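To keep things clear, I will list the structure first and then write my remarks on it.
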Amino acid sequence: MFLPLGDEPNPRGVPWVTYGLITANVAVYLLISLPLSFTRADPTDPALAAYIGVLLEQFGGRLSPAELVGQVSAYDLVVFTHGFRPADPHLAALFTSLFLHAGFLHLAGNMLFLWIYGDNVEHRLGQVRYLAAYLATGVAATLFHTVFDRWLIHLGRCRRKER
């Protein structure tokens, strides 16, 4: 069960919600994440100054602002804007962060498990309850990570949490 290598087709119908979620995740990766990962951030983007400020706060004097600006990709700013940041929480970011992935292996692993287990859960719960459960568990996982992780890293935002 830990590493699924296959699955027998579920004869009770087509898992449209699972297919839709996989399509949405892959589309976000291919159309947004992948191309922007290789593009430098626009120096006139106001999000860049905010992001550099967060990085300077986190990493102190180890890197200069000029060094940081040269290393920030356009995707870093998309993640900073649409990923969940505990220090600046937004309700929408709890949901948009569910479709952002750190790289191909992160996406591939998540989609493999969704492909293998998603159809079974969808057939068990029904389409509407399955979609609600997918979104609710994604939000819960983000909040759980926020509460219990000492170093908060939520797609571009890092800060120390004192216990």
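No lab work stands behind these numbers, since they all come straight from the coordinates. Just so it is clear, the structure is predicted and the values come from calculations on it, not from any experiment. FYI the Cβ positions are ideal-geometry reconstructions off the backbone, even for glycines, and counts take in every protein chain you see.
Among residues of region 28-43 being assigned to a helix (DSSP H, G or I) and of a type outside the set (A, V, I, L, M, F, W, C), the one that is surrounded by the fewest Cβ atoms within 10 Å (Cβ to Cβ) is Pro35.
Taken over region 44-73, the residue count meeting the criterion of being assigned to a loop (DSSP other than H, G, I, E, B) and touching a Phe, Trp or Tyr at 6+ places or on another chain (Cβ under 7 Å) is 1. For region 78-97, a residue qualifies if it is surrounded by fewer than 20 Cβ atoms within 10 Å (Cβ to Cβ), part of a loop (DSSP other than H, G, I, E, B) and of a type in the set (A, V, I, L, M, F, W, C), and exactly one does: Ala87. Considering region 44-77, the residues that are under 30 Å from Tyr134 (Cβ atoms) and touching a helix residue (DSSP H, G or I) at 6+ places or on another chain (Cβ under 6 Å) include one that is surrounded by the most Cβ atoms within 10 Å (Cβ to Cβ), namely Tyr51. Taking the criterion of being in contact (Cβ under 8 Å) with a residue 60 or more places away in the chain and either on the phi > 0 side of the Ramachandran plot or in contact with a Ser or Thr (Cβ under 8 Å, 6 or more places away or on another chain) (or both), the residues of region 83-102 that qualify are Gly83, Phe84, Pro86, Leu100, His101.
Restricting Leu107, Leu114, Leu100 to those that are under 30 Å from Arg12 (Cα atoms), touching a His at 6+ places or on another chain (Cβ under 7 Å) and surrounded by 15 or more Cβ atoms within 10 Å (Cβ to Cβ) reduces the list to Leu107.
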